[in-house]
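Where a number appears in this text, it was derived from the coordinates with a stated rule and is not lab data. Model, not experiment: these values are computed from the prediction. Using ideal geometry, Cβ is built from the backbone for each residue, glycine included, and neighbour counts are taken over all protein chains shown.
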C-alpha cells in the first residue's frame, strides 16, 4: 500500500498542477495531447484522424470530439489530404502551433518544478525503479518471478 498509494497520490497532485497550467492556454489534458501529437509530427504538423487515434490510443469518436473542440477554438483545422482526394487531415493552425509550443514549454517547466525536490541522481534512480515496477506490472510478474 505504501508504494502504490504514494504513486497514486503523486499522480493526483501532479495531475491537478498540470491541469492548472494547461487551463491558462484554454486546454484540457486531452486537447493538449492532440496538439502535442500534431506538433511532434513535424512540419506541416498534420495527420490523418486514423493516425491520431492510433497515436493517442483513442477511439475514432474520441478523436473526432477533441478535433471538433480544438477546431472551434481555432487551434486545428480539417484540410483535404493531397494524397487521397477522399481523405481529410487534421492540421495545426498558426494559432494552434503557437499555443502548442507555449503550452508544451509551460508543461515541461511544471514537470521540472514538480520533480525539483529530487536531485538528478534521485530522479534517475526513481525513474529506474518505476520502469522496473511498470515492466513487472505489464508482464504480470510476481515477486518470485522478478527476482
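For the reader, a short list of remarks on this structure follows.
- Within a Gaussian network of the chain (alpha carbon springs, distance under 10 Å), most fluctuating of 23, 97, 39: 23
- GNM result for the chain, Cα springs below 10 Å: residue of 28, 84, 101 fluctuating most strongly: 84
- Degrees between helix 29-40 axis and first principal axis of the chain (Cα, 0 to 90, nearest 10): 70
- Separation in nanometres of the label points that stand 7 Å from Cα toward Cβ, at residue 85 and residue 3: 5.9
- Choice from 109, 131, 78 showing the highest fluctuation, given a GNM over the chain with Cα pairs closer than 10 Å: 131
- Centre separation in Å (Cα based) which lies between region 1-63 and region 72-129: 8
- Axis angle, to the nearest 10 degrees, between helix 2-23 and the longest C-alpha principal axis of the chain: 30 degrees.
- Isotropically averaged projected area of the chain, using the convex hull of Cα atoms (one quarter of hull area), nm²: 11.5
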